[in-house]
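Here the structure is laid out as structure tokens; the discussion comes afterwards.
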Amino acid sequence: MAEISLHKDVALGISIPSRNTRGRVVRLGPAIDAILSSHEYPPPVEHLLAEALVLTALFGSLLKEAEGQVTLQAQTENGIIDLLVCDYLNGELRGYVRHDPDRLAEAGPHPSLFSLFGKGYLAVTFDHSTIAERYQGIVPLEGESLALAAQSFFSQSEQIPSIVRLAAEKRDGHWYAGGLLFQHLPEGEEGRDRLHTRLDHPDWPHVATLAGSVKAEELTDAGLALDDLIWRLFHEEDEVRTFGAVPLSRGCRCDPDYVRSVIAKFPEDERTAMVGENGMITVDCEFCSSSFDIAPGEILNRA
């Protein structure tokens, strides 16, 4: 098996046993270019989606099963950005943003998170494939950054002390983005009742301070391997374990066969209503900006 590069398009797991802490660090490069190249978003939207994809990869890398899925959704009421959706499945990422171009232009080159979303919420859905179980947490979309909104998610929905840092930068026409997530676990092994988590545990401020010292340029520097970054932050600890490197890539599940299978699930009268003037059912994928023309006869044997 080829060795996984720890420089870009990868998520890496971390454990600091003596501090009862687990973590994840992610960096994206070509994968994020591939996702953003499917759209023509203005720079502020590109930057936001880049950070959201990193956050989704951080959430996704927490899953124990390979076929588990994470969906991150930020939705607003009358915001410049109406909807942001990102998705993680088996190391594959996709995402898109729906926004008002005119209002975005009026907001200036560096709009705040509140000016983009106004009143909104952040929803994170975990689909566990092995146990056929779905869990969703929803919190208000608050704070000065998407990272702080994610910390609020863990604090309110998961009741786990957490620190999240995200960064994204475009250099020489290419995007580089990275992030880290560290959490204080119940004393002992992962998986114990979360009621045993001490929010004021003396180890946690120490870990949060070290993790929070990471610089944005370190998160986005593709020349800095992720294990070297972790060494910079935690080299004074007794033991730091790295594990579970997961390669990341752009992925979309909108192939024609999949589209036909989805259409076939609709009642016949609804499928008939989908047919356009050209006699075809046209399906657009928001994630990759692809368009599919499906002949009604192609799905008869699937219904």
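All of the numbers you see were taken from the coordinates with simple rules; none came from a lab. Keep in mind it's a predicted model, so treat the numbers as computed, not measured. With ideal geometry, Cβ positions are generated from the backbone for all residues, glycine too; neighbour counts draw on all protein chains shown.
In this calculation the C-beta distance from Glu133 to Ile4 is compared with R0 = 30 Å, giving a FRET efficiency of 0.55. Based on Cα contacts under 8 Å between residues 6+ apart, segment 256-302 shows a relative contact order of 39 percent. Give the lysines reachable from Lys64 as a straight Cα distance under 27 Å; neighbours fewer than 8 places away on the same chain don't count. Answer for Lys64, where 27 Å is the Cα cut-off: Lys8, listed by chain and number.
When the charge dipole of segment 10-250 is built from unit charges on Cβ atoms (+1 for Lys and Arg, -1 for Asp and Glu) and taken about the Cα centre, the candidate among Val25, Thr209, Leu229 whose Cα reaches farthest toward its positive end is Val25. Label zone (Phe114, point 7 Å along Cα-to-C-beta; backbone nitrogen cut-off 14 Å) within segment 70-91: none.
Largest GNM mean-square fluctuation among Pro17, Pro44, Pro109, using the chain with Cα springs under 10 Å: Pro109. Figure legend: label point modelled 7 angstrom from the Cα of Asp238 along Cα→Cβ; residues of segment 12-42 with amide N under 12 Å from it are 17-20. Placing unit charges on the Cβ atoms only, positive for Lys and Arg and negative for Asp and Glu, gives segment 21-147 a dipole magnitude near 400 debye about its Cα centre. If R0 is taken as 35 Å, the Cβ-Cβ distance between Glu277 and Ala105 corresponds to a FRET efficiency of 0.55. Note on the chain: with a GNM built from Cα contacts shorter than 10 Å, the maximum mean-square fluctuation among Val283, Val139, Val262 falls on Val262. Between Asn278, Asn78, Asn20, the Gaussian network model of the chain with springs among Cα atoms under 10 angstrom shows the greatest mean-square fluctuation at Asn278.
Footprinting exposure proxy ranking of Leu48, Leu224, fewest other C-beta atoms within 10 angstrom first, gives Leu224, Leu48. Ordering Ile4, Ile32, Ile281 from the fewest to the most neighbouring beta carbons within 10 Å gives Ile4, Ile281, Ile32.
Dipole of segment 256-302 computed with +1 at Lys/Arg Cβ and -1 at Asp/Glu Cβ about the Cα centre; of Phe292, Tyr258, Val275, farthest Cα towards the positive end is Tyr258.
Looking at segment 253-298, the GluC sites (Glu not before Pro) that sit in a DSSP loop and have at most 11 other Cβ atoms within 10 Å of their own Cβ are Glu277.
As a test, work out the antiparallel percent of DSSP beta bridges whose residues both lie in the chain, rounded to the nearest 5. Counting DSSP beta bridges with both partners in the chain, the antiparallel share is about 95 percent.
Extension gain Ile160-His174, at 0.36 nm per residue separation less the Cα-Cα distance, in nm? So the chain would gain 1.6 nm between Ile160 and His174.
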